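First up is the structure itself, then whatever we jot down about it.
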Amino acid sequence: MRILVLSDSHNRISLLETIIAAQPSAAALVFLGDGLRDLEAVPVPCPVFSVRGNGDLGSPAPLTREDVFADKRLFCTHGHAFEVKFSDDKLLAAAKHCDIALYGHTHRQVLRWAEGLMLFNPGAAALGDYGVLDFTPAGVAAVHMHV
């Protein structure tokens, strides 16, 4: 199963459309905030799981959410509430009971492990960056992509 992970589209709707079209086999899309209005303007052929970012003023979407895909618990947030531009300590503390922490906000692609937790930032869709998570019997493969 493939999950498309996006964040920070910042009014770049055409790039958002290009990214979504590039991943037709995605079973779900996780959107990590700062562009929820953009996402409403694009057809998405799979279920969407989203959180709001600091740029999504007035959105009823939650600041965080947890979802389970293929027996892996994902902690999803934009990241601003956890001050991820300065440190990932608060994010690690909040997500310690999960397998994967997904976040955006920094506009930088990140894939690293800390305290047994996979930290994955897809980068900014506004720059053509995104990520995919492939869930296989052997485990989860996290891959950064660019259009």
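If you check Ala94, Ala101 for being in contact with a Phe, Trp or Tyr (Cβ under 9 Å, 6 or more places away or on another chain), in a strand (DSSP E or B) and either surrounded by fewer than 23 Cβ atoms within 10 Å (Cβ to Cβ) or free of Cβ contacts under 8 Å to residues at least 60 places away in the same chain (or both), only one passes: Ala101. For the residues Phe135, Phe120, Phe75, the requirement of being crowded, with 19+ Cβ neighbours inside 10 Å, touching an Asp or Glu at 6+ places or on another chain (Cβ under 9 Å) and either closer than 19 Å to Asp8 by Cβ or at pLDDT 95 or above (or both) singles out Phe75. Considering the conditions (1) buried (at least 21 other Cβ atoms within 10 Å of the Cβ); (2) in contact with a Phe, Trp or Tyr (Cβ under 7 Å, 6 or more places away or on another chain), Ala70 is excluded by exactly one of them, (1). Take the residues of the stretch 78-91 that are touching a Ser or Thr at 6+ places or on another chain (Cβ under 8 Å) and surrounded by 16 or more Cβ atoms within 10 Å (Cβ to Cβ): which is nearest to Leu32 (Cα to Cα)? Filtering first and then ranking leaves His78.
In the stretch 123-132, of all residues being crowded, with 19+ Cβ neighbours inside 10 Å and of a type outside the set (A, V, I, L, M), the one that is farthest from Leu74 (Cα to Cα) corresponds to Asp129. Would you call Asp71 of a type in the set (Asp, Glu) and touching a Ser or Thr at 6+ places or on another chain (Cβ under 6 Å)? Judged against the criteria, Asp71 is not a match. From the list Arg65, Arg108, the lone residue that is over 21 Å from Val48 (Cβ atoms) and charged (D, E, K, R) is Arg108. Within the stretch 103-117, restricting attention to residues that are charged (D, E, K, R) and modelled with pLDDT of 95 or more, the residue that is farthest from Pro62 (Cα to Cα) is Arg112.
The values are calculated or read from the model by the stated rules, or taken from the named source; none is laboratory data. Bear in mind that the values here come from a model prediction, so they are computed numbers and not experimental data. A quick note on method: Cβ atoms are made from the backbone with ideal geometry, for glycine too, and the neighbour counts reach across all protein chains shown.
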